[in-house]
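S.K.: Next up is a structure, given as structure tokens.
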Amino acid sequence: QVQLVESGGGLVQPGGSLKLSCAASGIATSIYTMGWYRQSPGKQRELVASITPSGSTNYADSVKGRFAISTDNAERTVYLQMNNLKPEDTAVYYCNADWISKYWGQGTQVTVSS
């Protein structure tokens, strides 16, 4: 059974930082493209960042230079380091694993507000 469990969300002030974690079980993260998506009320879910098995990364233009995705394949964990957070980054963040099948976590709330 595949599970993706996100953690690390919370409330942070503008300009602050958070690090999200996604712990995977039932899959080898080393063969999946792992990604972080986000969805805010009234908007479609959008890709924030992804990393391929070879280590190539892709970022949404809105987070380039502020967010960084990384993986620890030995621990089967994917991270999203988020710096210089802005109110528009407020959303539920979802972990995703994509290969032959696509899997989603349950999401973790990130709120950026003063």
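The values are calculated or read from the model by the stated rules, or taken from the named source; none is laboratory data. Only a predicted model underlies this, so the values are computations on that prediction, with no experimental measurement involved. Because the Cβ atoms are built from the backbone with ideal geometry, glycine has one as well, and the counts that use them run over all protein chains shown. Please note that ligands, DNA and RNA were not included when accessible areas were found on the heavy atoms of the full protein model with its side chains. Shrake-Rupley method; radii C 1.70, N 1.55, O 1.52, S 1.80 Å.
S.K.: With the full set of protein chains in place, find how many percent of the accessible area of the stretch 1-51 is carbon and sulfur; take the probe as 1.4 Å. Intermediate results must be reported in sequence, preceding the final value.
M.R.: Details: 1210 of 2560 Å².
Accessible surface attributable to carbon and sulfur in the stretch 1-51 totals 47 percent.
S.K.: Here's something else I'd like to know. Probe of 1.4 angstrom, ligands and nucleic acids ignored: what's the accessible area per residue over the chain, in square angstrom?
M.R.: Ligands and nucleic acids excluded, the result is 52 Å² per residue.
S.K.: What is the total of Lys pairs in the chain with C-alpha atoms under 18 Å apart, excluding same-chain pairs fewer than 8 positions apart?
M.R.: Going through the chain pair by pair, I get 4.
S.K.: Continuing with the same structure: Which one of Ser101, Ser54, Ser70 has the biggest mean-square fluctuation once the chain is modelled by GNM with Cα springs under 10 Å?
M.R.: Ser101
S.K.: Which residue, Ser56, Ser25, Ser17, tops the fluctuation ranking in a GNM of the chain built on C-alpha contacts under 10 Å?
M.R.: Ser56
S.K.: To the nearest 20 debye, what is the magnitude of the charge dipole of the chain about its Cα centre, counting +1 on the Cβ of each Lys and Arg and -1 on the Cβ of each Asp and Glu?
M.R.: In debye, rounded to 20, the chain gives about 120.
S.K.: With a 1.4 Å probe and every protein chain left in place, tell me how much accessible area Glu88 has, in Å² to the nearest 10.
M.R.: 120 Å²
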